[in-house]
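What follows draws every value from the coordinates through simple rules; no lab data is involved. Bear in mind that the values here come from a model prediction, so they are computed numbers and not experimental data. Quick reminder, even Gly has a Cβ in these numbers, built from the backbone with ideal geometry, and neighbours come from all protein chains shown.
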Amino acid sequence: MAKSKFIGYVTESYDELIHKVSWPTWSELQNSAVVVSIASLIIALVVFLMDEAFQLLLKQFYLLF
């Protein structure tokens, strides 16, 4: 009985992946990859700048004492 449920699950999953899912085209995937790469670089730059700013602020603060 458990084997029958598993086979049914696999069959339904396959059917859904083939007929109900809308897969992106190759150019859509490339565009998405470019957008994700640019966003990642911008976020990394922002985090780097925040790190440098806090480092400078703490250095100046510690020089007071």
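Among the trypsin sites (Lys or Arg not before Pro) within the chain, those in coil by DSSP and having at most 10 neighbouring Cβ atoms inside 10 Å are 20.
Labels on offer are (1) 2.35; (2) 0.97; (3) 1.80, and the one holding Cα Rg over 2.2 N^0.38 Å computed from this structure is (1). Over the residues of the chain, the helix contribution to mean residue ellipticity at 222 nm works out to -31000 deg cm²/dmol, using -39500 (n - 2.57) for each DSSP H run of at least 4.
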